[in-house]
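The values are calculated or read from the model by the stated rules, or taken from the named source; none is laboratory data. Only a predicted model underlies this, so the values are computations on that prediction, with no experimental measurement involved. So basically every Cβ, Gly included, is an ideal-geometry build from the backbone, and we count neighbours across all protein chains shown. Keep in mind that these areas ignore ligands, DNA and RNA; they rest on the heavy atoms of the full protein, side chains included. Shrake-Rupley method; radii C 1.70, N 1.55, O 1.52, S 1.80 Å.
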Amino acid sequence: MAERITGHTELIGLLAYPIRHSSSPAIHNEAFAYLGLDYAYLAFEVDNETLEDAIKGIRALKMAGANLSMPNKTSVIKYLDRLAPAAQLCGAVNTIVNENGVLTGHITDGIGYMSALKDNQIDAIGKKMTIVGSGGAATAIQVQAALDGVAEISIFNIKDKFWENAEATIEKITKQTDCKVSLYDLADLEKLKAEIDDSYLFTNATGMGMKPREGQTYIPDKSFFRPDLIVTDIIYSPQETKMLQLAKSAGCKTMNGMGMLLFQGAAAFQLWTGKEMPIEHMKQVLNIKYD
């Protein structure tokens, strides 16, 4: 009889929509099994309409916690009891820890992204980056990059509901760090190209390029990239987005979102279990290789 699941197994959920493509269940369950920890991690398709009930379920089922992804990272805050300082600063949550019915929201996306850069021998400290997006993951990356010492960040976003979020992020970063931050309209492609030309690093921190927008990109053509530019995408499914294909054809060093997924997951893993995720083992299992 299989002994992986017992009557004492603690459940952790991933709440997002769409989410069936996610590699997080495979990552966490492999890490639990490798360390002999009695936890199980499952993905649940939850959007903003069903999110409140799902959070009540965490308490009712005495789950150890959960991860959140789009579109729930900012919407979840009103249903939680506490926010960790980084989540408060970012205004977004990707990890919930349940401590005897008290739900605390954390954000590990920024740590995951910066850790993945370091693991890939990419050093953005003291340099300039340009980033598309101002949602939960994008904000976490921007805040962590500024805290870690990135000198300048140019943020591009469409003028949607997240535009004000970007303005608030800039205010927070300016007050708490020495990083210079600017916000531009993504519709201004001439300015986008100019800022990319002046950057060490460019990243897409939106869902553009994943289902249902697979094969799409905000970048018109490869002329926006130069060979010594580093181009990253937080998307990991597909592993190579249209944007990364353009970057590779321009001779750029590229990185997809798999490393960020692993390292942000490792930070959440430690919050739930008190144990360090076996990173090197997981990199082998996931076949994470950098260009």
Restrict the check to segment 2-19 and report whether at least one residue is touching a His at 6+ places or on another chain (Cβ under 6 Å) and more than 20 Å from Gly135 (Cβ to Cβ). no
List, please: which pairs have Cβ atoms under 6 Å, are six or more places apart or on different chains, and start with a residue in segment 241-269 that is closer than 26 Å to Glu280 by Cβ and end with one that is surrounded by 24 or more Cβ atoms within 10 Å (Cβ to Cβ) and among the aromatic types (Phe, Trp, Tyr)? Met260/Tyr113
Out of everything in segment 85-102 that is touching a strand residue (DSSP E or B) at 6+ places or on another chain (Cβ under 8 Å), farther than 17 Å from Thr273 by Cβ and in contact (Cβ under 8 Å) with a residue 24 or more places away in the chain, what residue ends up being least open to solvent (accessible area, probe 1.4 Å)? Val93
How many residues are surrounded by 24 or more Cβ atoms within 10 Å (Cβ to Cβ) and within 19 Å of Gln88 (Cβ to Cβ) when one looks only at segment 131-142? 8
Provide a single number: the residues in segment 143-155 that are buried (at least 24 other Cβ atoms within 10 Å of the Cβ) and in contact (Cβ under 8 Å) with a residue 40 or more places away in the chain. 1
Looking at (1) open to solvent by 70 Å² or more (accessible area, probe 1.4 Å); (2) more than 15 Å from Ile131 (Cβ to Cβ), which is the one condition that is false for Lys180? (2)
What number of residues in segment 67-84 are polar (S, T, N, Q), open to solvent by 20 Å² or more (accessible area, probe 1.4 Å) and not in a loop (DSSP other than H, G, I, E, B)? 1
All positions within segment 32-47 that are out of contact with any helix residue (DSSP H, G or I) (no Cβ under 6 Å at 6 or more places or on another chain) and either among the acidic types (Asp, Glu) or open to solvent by less than 20 Å² (accessible area, probe 1.4 Å) (or both): Phe32, Asp38, Ala40, Glu45, Asp47
Open to solvent by less than 60 Å² (accessible area, probe 1.4 Å) and over 18 Å from the mean Cα position of the chain (by Cα) - does that describe any residue in segment 17-29? yes
Ala33 vs (1) farther than 18 Å from Gly257 by Cβ; (2) part of a strand (DSSP E or B); (3) not polar (S, T, N, Q): all pass except (2)
When segment 48-57 is checked residue by residue, the ones that are assigned to a helix (DSSP H, G or I) and either exposed (fewer than 15 other Cβ atoms within 10 Å of the Cβ) or within 22 Å of the chain's Cα centre (by Cα) (or both) are Leu51, Glu52, Asp53, Ala54, Ile55, Lys56
Which of the following residues is under 17 Å from Ala247 (Cα atoms), surrounded by 13 or more Cβ atoms within 10 Å (Cβ to Cβ) and touching a Ser or Thr at 6+ places or on another chain (Cβ under 7 Å): Lys222, Lys128? Lys222
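Is segment 272-285 home to any residue that is over 30 Å from Lys62 (Cβ atoms) and either in contact (Cβ under 8 Å) with a residue 24 or more places away in the chain or under 18 Å from the mean Cα position of the chain (by Cα) (or both)?
yes
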